[in-house]
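*Asks:* Can you keep this structure in mind? I'll have questions shortly.
The values are calculated or read from the model by the stated rules, or taken from the named source; none is laboratory data. Quick caveat, the model's predicted, so the values are computed rather than measured. Cβ placement follows ideal geometry from the backbone for every residue including glycine, while neighbour counts extend to all protein chains displayed. What goes into the accessible areas is simple: the full protein's heavy atoms, side chains included, and nothing from ligands, DNA or RNA. Shrake-Rupley method; radii C 1.70, N 1.55, O 1.52, S 1.80 Å.
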Amino acid sequence: MRIGIDVGGTNTDAVLMDGQRVLAAVKTATTRDVTSGINTALAELKRQRAFDPVAIQAVMIGTTHFINALVEAERLAPTAAIRLGLPATASLPPMVDWPERLVRAISGRYYLCHGGHEFDGRHISELREDEIRRVAEDLRRHGIRSVAISSVFSPVNAEFEQRAAEILSEELPDVAISLSSEIGRMGLLERENATIINASLRELASQIVDGLAGSLEKAGITAPLYLSQNDGTLMDVEFARRYPVATFASGPTNSMRGAAFLSGVETCAVVDVGGTTSDIGVLRHGFPREATTEVSVAGIRTNFRMPDVLSLGIGGGSRVRSGDDGVTVGPDSVGHRLTEEALVFGGSTLTATDVAVAAGRAEIGDPSLVRGLDRSLVEAALRRIAKDVEDAIERIRTSPEPLPVIAVGGGSIVLPDEIGDSGPIHRPEHFAVANAIGAAIAQIGGEVDRIYPVEPGRRPAVLDEAKQEAVDRAIASGARPGSVRIVEVDEVPLAYLPGNATRIRVKAVGELQLEAADA
């Protein structure tokens, strides 16, 4: 048996699964400290279906801890960025495009040093070790506790980043170090930004992981703990301590993976309606389509792995208003206070949940409290929701062919039964906790994203090399060897670079190895 938990802005959902069967599912309010909400969800799960904590083989959690900390600019460590690239790259220093409040929140400092590579591995300039040691001394004087190191084209050759990290570790053994070659993709500024974000969250990551482990221990569960990543795969707690940035989009990703599992449809549009927002994305072969361009996180451009998700300010807790411009729904929401403020719960705020109940789409709270709502207002609000969601689905489609639409999330009661030319909306069993199910069924992944010189006649061999490396990375991360498969291969010839340069990205996934837990 395994437990999946997903912490959203409004609700914390948990499921108990035995293989492919859902044994129990609960939805509880997310608490401000998040961890106590997880404790409540585990207790409710056990009340609904008694289980022996020793029988749990693994616990998978998708959490909003880290993205919330960045958005709120709280609990971030004093962080410095070291870029290796002089004499190149000096015109645009690190954090040049960051919101000022976030630079202040991390006490941001930057250093430009010599080093870096061309795309084919040639040195821009040699790394100067004395330069790195002088930087270390300045970091010590300013109380910096976490460092992000980025080097030009380090995804091609990471030797300078690794050597600079060795020197810093010698000089400052207590400082956490993040390397851009391990976090982002091609594109220096975006990769550097992602690495700085990761570095600023390293201290919080250790605190959060310890807190989550404590929640499991309190419940008597000794099984391994895994956190959900942005691409729908899992990472163990040690990986999470080092790469907290990899959890940012785990919520919508878990919902999309859960939708594929529950519906059996692997290529479709998924609309996940929570209490505050609706996340809309596309599944390909059972995994979220990834964004191919930079993704803005809290106003910062990044390029690490993120699903291509469009978010709307429409959820079960969205406020409904009627004015001179007609009826509006959202984007503001009562959020986790839905059970206190919505009309059906005796509150005084008209929400999307109230109009759904008034229209007979669900029985939540006390339906008699919304029977007197103006019918034209109810219908106008529901039409507005349907139109906004339909427009969003149109925006994420990449072909004229209609996509099946799967609706998940507790707030999906606000959606109609049919939408646009996509036809009927499918709501599979357990749709309200699809996010927790997505966490519980998540697999282990391995990815390669690199520029290769592809000589004439060598393309098949280069592809095989990249595929094998992706498989090996998945197995090294904990995937069962016989279960690993290639789910995605992208080739992009780079005509502006010499030497038949081609960017190749390969993703492999496999089932989590649970034998150790069984023993």
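*Asks:* Whether any residue in region 74-91 is more than 30 Å from Leu514 (Cα to Cα), open to solvent by 70 Å² or more (accessible area, probe 1.4 Å) and of a type in the set (D, E, K, R) is what I want to check. Working first, answer last.
*Replies:* Restricting attention to region 74-91, the residues satisfying the condition of being more than 30 Å from Leu514 (Cα to Cα) are 74-91.
Within this subset, residues satisfying the condition of being open to solvent by 70 Å² or more (accessible area, probe 1.4 Å) are 74-75, 87, 91.
Now restrict to residues that are of a type in the set (D, E, K, R): 74-75.
Yes.
*Asks:* Among the candidates Ser255, Ser263, single out the residue that is closer than 18 Å to Val22 by Cβ and either open to solvent by less than 20 Å² (accessible area, probe 1.4 Å) or modelled with pLDDT of 90 or more (or both). Explain how you work it out, then say what you get.
*Replies:* Values: Ser263 fails: either open to solvent by less than 20 Å² (accessible area, probe 1.4 Å) or modelled with pLDDT of 90 or more (or both).
Of the residues listed, the single one that is closer than 18 Å to Val22 by Cβ and either open to solvent by less than 20 Å² (accessible area, probe 1.4 Å) or modelled with pLDDT of 90 or more (or both) is Ser255.
*Asks:* Of all the residues that make up region 285-301, how many are part of a strand (DSSP E or B) and either at pLDDT below 85 or closer than 20 Å to Val414 by Cα (or both)?
*Replies:* Looking only at region 285-301, we keep the residues that are part of a strand (DSSP E or B), and these are 287-288, 290, 295-297, 300-301.
Narrowing the set further to residues that are either at pLDDT below 85 or closer than 20 Å to Val414 by Cα (or both) leaves 287-288, 290, 295-297.
Here the count works out to 6.
*Asks:* Now, a different point. Pick out the one residue from Pro428, Pro424, Pro481, Pro416 that is open to solvent by 30 Å² or more (accessible area, probe 1.4 Å) and either under 28 Å from the mean Cα position of the chain (by Cα) or farther than 30 Å from Asn11 by Cβ (or both).
*Replies:* Details: Pro428 fails: open to solvent by 30 Å² or more (accessible area, probe 1.4 Å); Pro424 fails: either under 28 Å from the mean Cα position of the chain (by Cα) or farther than 30 Å from Asn11 by Cβ (or both); Pro416 fails: open to solvent by 30 Å² or more (accessible area, probe 1.4 Å).
Just a single option satisfies the conditions, and that option is Pro481.
*Asks:* OK, next. Pick from Ile444, Ile486: which is crowded, with 21+ Cβ neighbours inside 10 Å and of a type in the set (A, V, I, L, M, F, W, C)?
*Replies:* Working: Ile486 fails: crowded, with 21+ Cβ neighbours inside 10 Å.
Exactly one of Ile444, Ile486 is crowded, with 21+ Cβ neighbours inside 10 Å and of a type in the set (A, V, I, L, M, F, W, C), namely Ile444.
*Asks:* Something else: Those residues that are under 20 Å from Ala291 (Cα atoms) and either modelled with pLDDT under 85 or over 23 Å from the mean Cα position of the chain (by Cα) (or both), I need them from region 373-393; list them, please. Walk me through it before giving the result.
*Replies:* Of the residues in region 373-393, the ones under 20 Å from Ala291 (Cα atoms) are 389, 391-393.
Matches in region 373-393: Asp391 only.
*Asks:* Got a sec? Which of Gly365, Gly275 is touching a residue at least 12 places away in the same chain (Cβ under 8 Å), in a loop (DSSP other than H, G, I, E, B) and farther than 24 Å from Asn254 by Cβ? Break it down stepwise before answering.
*Replies:* On the way: Gly275 fails: farther than 24 Å from Asn254 by Cβ.
Answer to the selection: Gly365.
*Asks:* Which of the residues belonging to region 107-128 are in contact (Cβ under 8 Å) with a residue 60 or more places away in the chain, more than 30 Å from Ala73 (Cβ to Cβ) and surrounded by 15 or more Cβ atoms within 10 Å (Cβ to Cβ)? Give the steps one after another, and end with the answer.
*Replies:* First, the residues of region 107-128 that are in contact (Cβ under 8 Å) with a residue 60 or more places away in the chain: 108, 119-120.
Checking which are more than 30 Å from Ala73 (Cβ to Cβ) leaves us with 119-120.
Within region 107-128, just Phe119 meets the criteria.
*Asks:* Write out, first by first residue and then by second, each pair whose Cβ atoms fall under 6 Å of each other, whose residues are 6+ apart or on separate chains, and whose first residue, in region 156-179, is in contact (Cβ under 8 Å) with a residue 60 or more places away in the chain while the second is of a type in the set (S, T, N, Q) and part of a helix (DSSP H, G or I).
*Replies:* Filtered contacts from region 156-179: Glu161/Ser181; Ser178/Thr195; Ser178/Asn198.
*Asks:* Taking the criterion of being open to solvent by less than 30 Å² (accessible area, probe 1.4 Å), within 30 Å of Ile38 (Cβ to Cβ), touching a residue at least 40 places away in the same chain (Cβ under 8 Å) and in contact with a helix residue (DSSP H, G or I) (Cβ under 6 Å, 6 or more places away or on another chain), would at least one residue in region 448-457 satisfy it?
*Replies:* no
*Asks:* Okay, moving on. Pairs only if they're at least six apart or on different chains, beta carbon under 7 angstrom, first in region 288-307 and more than 15 Å from Gly445 (Cβ to Cβ), second among the basic types (Lys, Arg) and open to solvent by 60 Å² or more (accessible area, probe 1.4 Å); list them, first residue then second.
*Replies:* Cβ pairs passing all conditions: Glu294/Arg301.
*Asks:* Hey, another quick one. Scan region 326-340 for residues that are farther than 19 Å from Leu377 by Cα and either buried (at least 16 other Cβ atoms within 10 Å of the Cβ) or within 26 Å of the chain's Cα centre (by Cα) (or both) and jot them down.
*Replies:* Listed by number, the residues that qualify are Val334, Gly335, His336, Arg337, Leu338, Thr339.
*Asks:* In addition: Here is a list of conditions, (1) open to solvent by 20 Å² or more (accessible area, probe 1.4 Å); (2) among the β-branched types (Val, Ile, Thr); (3) in contact with a Cys (Cβ under 8 Å, 6 or more places away or on another chain), and Val471 meets all of them except one; can you say which number that is?
*Replies:* (3)
*Asks:* Which number in (1) of a type in the set (Gly, Ala, Ser); (2) free of Cβ contacts under 8 Å to residues at least 40 places away in the same chain; (3) buried (at least 19 other Cβ atoms within 10 Å of the Cβ) marks the one condition that Gly323 misses?
*Replies:* (3)
*Asks:* Hey, another quick one. If a residue has to be of a type in the set (S, T, N, Q), part of a helix (DSSP H, G or I) and touching a Gly at 6+ places or on another chain (Cβ under 8 Å) to count, how many in region 143-171 make the cut? Even if it seems obvious, please write down each step before you answer.
*Replies:* Residues of region 143-171 that are of a type in the set (S, T, N, Q), as a first pass: 146, 150-151, 154, 157, 162, 169.
Filter again for part of a helix (DSSP H, G or I), leaving 162, 169.
When the remaining residues are screened for being touching a Gly at 6+ places or on another chain (Cβ under 8 Å), the result is none.
Within region 143-171, residues that are of a type in the set (S, T, N, Q), part of a helix (DSSP H, G or I) and touching a Gly at 6+ places or on another chain (Cβ under 8 Å) number 0.
*Asks:* Just the residues that are closer than 14 Å to Thr64 by Cβ and of a type in the set (S, T, N, Q), please, taken from region 230-261.
*Replies:* Passing the criteria: Asn230, Thr247, Ser250, Thr253, Asn254, Ser255.
*Asks:* Let me ask something else about it. How about region 315-343: which of its residues are within 24 Å of Lys27 (Cα to Cα), outside any helix (DSSP H, G or I) and of a type in the set (Gly, Ala, Ser)?
*Replies:* Once the filter is applied, which keeps residues that are within 24 Å of Lys27 (Cα to Cα), outside any helix (DSSP H, G or I) and of a type in the set (Gly, Ala, Ser), region 315-343 yields Gly315, Gly316, Gly317, Ser318, Gly330, Ser333, Ala342.
*Asks:* Return only the number of the condition from (1) open to solvent by 80 Å² or more (accessible area, probe 1.4 Å); (2) touching a residue at least 40 places away in the same chain (Cβ under 8 Å) that Arg375 does not satisfy.
*Replies:* (2)
*Asks:* Condition first: more than 21 Å from Asn193 (Cα to Cα) and within 33 Å of the chain's Cα centre (by Cα). Now tell me which residues in region 119-139 satisfy that.
*Replies:* Asp120, Gly121
*Asks:* In region 428-454, what count of residues is obtained for those that are outside any helix (DSSP H, G or I) and under 28 Å from Leu227 (Cβ atoms)?
*Replies:* Summing the residues that are outside any helix (DSSP H, G or I) and under 28 Å from Leu227 (Cβ atoms) in region 428-454 gives 13.
*Asks:* Next question, about the same structure. Determine the pairs where a residue that is over 17 Å from Ala90 (Cβ atoms), located within region 143-155, has a partner that is in a loop (DSSP other than H, G, I, E, B) and of a type in the set (Lys, Arg) with Cβ atoms under 8 Å apart, the partner being 6 or more residues away or on another chain.
*Replies:* Pro155/Arg185
Listed here are the residues, each with its yes/no results for (1) buried (at least 22 other Cβ atoms within 10 Å of the Cβ); (2) at pLDDT 90 or above; (3) over 18 Å from the mean Cα position of the chain (by Cα); (4) of a type in the set (D, E, K, R).
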| residue | (1), (2), (3), (4) |
| --- | --- |
| Gly187 | no, no, yes, no |
| Arg191 | yes, yes, no, yes |
| Ser200 | yes, yes, no, no |
| Lys218 | no, no, yes, yes |
| Gln229 | yes, no, no, no |
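*Asks:* Next question. Which of the following residues is charged (D, E, K, R), open to solvent by 10 Å² or more (accessible area, probe 1.4 Å), touching a Leu at 6+ places or on another chain (Cβ under 7 Å) and not in a strand (DSSP E or B): Arg140, Arg104, Arg133?
*Replies:* Values: Arg104 fails: touching a Leu at 6+ places or on another chain (Cβ under 7 Å); Arg133 fails: touching a Leu at 6+ places or on another chain (Cβ under 7 Å).
After applying the criteria, what remains is Arg140.
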